[in-house]
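A.B. asks: For reference, the structure I am asking about is given below.
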């Protein structure tokens, strides 16, 4: 299977978000981007820079909010979350690299609400691979790429910051 170019998909998201932000009168001062570790943070960093968002970038590590935390335990690379702005009343654009079951997004929203009550939360994902287990949908999507349950798609970033997609067989 040939995967789409991740850099092209980033530009697709930039265009979608630019159109959305341009249609919002209070967007420049009230919109914040929040990336989900790890690939969502890489993507959020790029979008934040390209869209010239005024508020600082937020970062979530949802490890403690996962609904399978007790089953899988603590991931060895837990990173701290950082929301360097008031969430209260903000328009949040939550950014993840791959949307699959919806459970990561649910965990990220739970953590966001611990910081305050946003006015809105919209979801942007580089890839929507289908297979939802929860009623969650991305408003901004680089590409929809239905995959078999035995496949995983991974976003990687090289040392110069270039993003790429890789297809792997799921373990098990």
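A short reminder: the numbers here are calculations on the coordinates, not readings from a lab. The structure displayed is predicted, hence computed values, not measured ones. Glycine also receives a Cβ, built like all others from the backbone with ideal geometry; neighbour counts cover every protein chain displayed.
A.B. asks: Can you tell me the order of 142-152, 6-16 when each peptide is scored by its average per-residue count of other Cβ atoms within 10 angstrom, highest first? Kindly include the intermediate steps, with their values, before the conclusion.
C.D. replies: Working: 142-152: 14.7, 6-16: 16.5.
Taking the mean over residues of other Cβ atoms within 10 Å, the ranking is 6-16, 142-152.
A.B. asks: At 7 Å along Cα-to-Cβ for each site, give me the label-to-label distance between residue 1 and residue 114 in nm.
C.D. replies: Result for the modelled spin labels: 3.3 nm.
A.B. asks: Here's a follow-up. Along Cα→Cβ, 7 Å out, is where each label goes; now give me the distance between the ones at residue 144 and residue 85 in nm to one decimal.
C.D. replies: Each label point is offset 7 Å from its Cα along the Cβ direction, giving 3.0 nm.
A.B. asks: Let me ask you something else. Over the chain, what relative contact order in percent results from Cα pairs under 8 Å that are six or more residues apart? Walk me through the numbers on the way to the answer.
C.D. replies: Details: 325 pairs, mean separation 38.8, N = 172.
Dividing the mean separation by the residue count of the chain yields 23 percent.
A.B. asks: While we're here: Select from 161, 130, 102 the residue whose mean-square fluctuation is largest in a Gaussian network model of the chain (Cα-Cα springs shorter than 10 Å).
C.D. replies: Sorting by GNM fluctuation, first place goes to 161.
A.B. asks: Based on DSSP H runs of at least 4 residues, each adding -39500 (n - 2.57), what is the mean residue ellipticity at 222 nm of the chain after dividing by all its residues, to the nearest 500 deg cm²/dmol? Show your work: numbers first, answer last.
C.D. replies: On the way: 5 runs with 51 residues, N = 172.
Value at 222 nm, helices only: -9000 deg cm²/dmol.
A.B. asks: Could you give me the radius of gyration and the Dmax of region 110-160, taking only the C-alpha atoms into account and expressing both in angstrom?
C.D. replies: 14.3, 37
A.B. asks: Remind me, what semi-axes does the chain give for its equivalent ellipsoid, largest first in whole Å, using sqrt of 5 times each Cα gyration tensor eigenvalue?
C.D. replies: On the way: eigenvalues 116, 81, 43 Å².
In descending order, the three semi-axes are 24, 20, 15 Å.
A.B. asks: Right, here's the next one. Tell me, in nm to one decimal, what length is gained between residue 15 and residue 49 on full extension, where the rule is 0.36 nm per residue of separation less the Cα-Cα distance?
C.D. replies: On the way: separation 34, 0.36 × 34 = 12.24 nm, distance 1.34 nm.
Going from the current span to full extension adds 10.9 nm.
A.B. asks: Let me ask something else. Take the chain, connect every pair of alpha-carbon atoms lying under 10 Å apart with a spring to form a Gaussian network, then pick out the residue of 51, 17, 123 with the largest mean-square fluctuation.
C.D. replies: Per the Cα network of the chain with a 10 Å cutoff, 51 tops the list.
A.B. asks: How much length would be gained if the chain were fully extended between residue 168 and residue 134, taking 0.36 nm per residue of separation minus their Cα-Cα distance, in nm to one decimal?
C.D. replies: Working: separation 34, 0.36 × 34 = 12.24 nm, distance 2.36 nm.
My answer for the length gained is 9.9 nm.
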